[in-house]
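Each remark here refers to the structure printed beneath this line.
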Amino acid sequence: FAQILFLSLVLNFFTSNNVDHLSFNGLMFYGIHANFFQLMILIVSGFTLMISKHYLSSFKVFQLEYNLLLLFSIIGLSVLCFSYDILVIYLALELQSLAFYLLATFQWNSDYSVEAGLKYFVLGSFSSCLLLFGFSLIYIVSGTTSFETIQNLFEEPFCFNIVLLGILFVLAALLFKVGASPFHMWLCDVYEGSLSSVTLFFAVVPKLILFYLLLKLLLIIFLPQKFF
């Protein structure tokens, strides 16, 4: 829990003084909505860390790597909250996904946990390929990874068709990671095979951030004036 508080202080150092502005050469967008979802990450993560110590000790699987992997996933999700560039989105998603793959198989002496982690890794890698392919289509047309440039592409019909195809791949990949129908076939096995504390984290925090990311993408692309 102290580690989560330290992480929140570091993040608030960049977000408390300036609100609703772009930073890091347009890669990050700081706003009230992003701060709210970051706060939700910290609250749920702190609660997960508090209840995990006794739970993992009872199963005799408590290790230092558990907290470290959880922190890596929190960092990735926090960056995802403020991302304003498709390259940053992909890197942040992969950072939290790699930590999730290891957390799903943390109970290494259980066949169910190994099966959950393996299925999560295979299907998660497939969804990452879809996401990267969609981003590549957008980059081919725009020549950049910034959201501001993508907004202007919808004014030209030829560019609109290619970008729309890329956005469809991106939406399919994000819905897959959220576990929305019809991309929810992996949820039951992964949640059942993982530790209960890990399942708690999987079921709440990533869903909040990915739904926020979906909403942000749709607003930025189709209703940019509403986003700002």
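Take every Cα pair under 8 Å whose residues are at least 6 apart in sequence, average their separation, divide by the length of the stretch 23-136, and the relative contact order is 24 percent.
A 1.4 Å probe, protein heavy atoms only, puts the accessible area of F72 near 90 Å². Summing charges over all other residues whose Cβ lies under 15 Å from the Cβ of L80, with Lys and Arg as +1 and Asp and Glu as -1, gives +1.
What does the accessible area of M185 come to, in Å² to the nearest 10, when a probe of 1.4 Å is used? My reading of the accessible area for M185 is about 110 Å².
Each of K177, K119 has its accessible area taken with a 1.4 Å probe; listed largest first, they run K119, K177. The order of D189, D85 by accessible area, most exposed first and with a 1.4 Å probe, is D189, D85. At the residue level, L164 shows approximately 60 square angstrom of accessible surface with a 1.4 angstrom probe and all protein chains present.
The values are calculated or read from the model by the stated rules, or taken from the named source; none is laboratory data. Keep in mind the model is a prediction, meaning the values are calculated, not measured. Here Cβ is always computed from backbone atoms with ideal geometry, including for glycine, and neighbour counts include all displayed protein chains. These area figures cover heavy atoms from the full protein model, side chains too; ligands, DNA and RNA do not enter into them. Shrake-Rupley method; radii C 1.70, N 1.55, O 1.52, S 1.80 Å.
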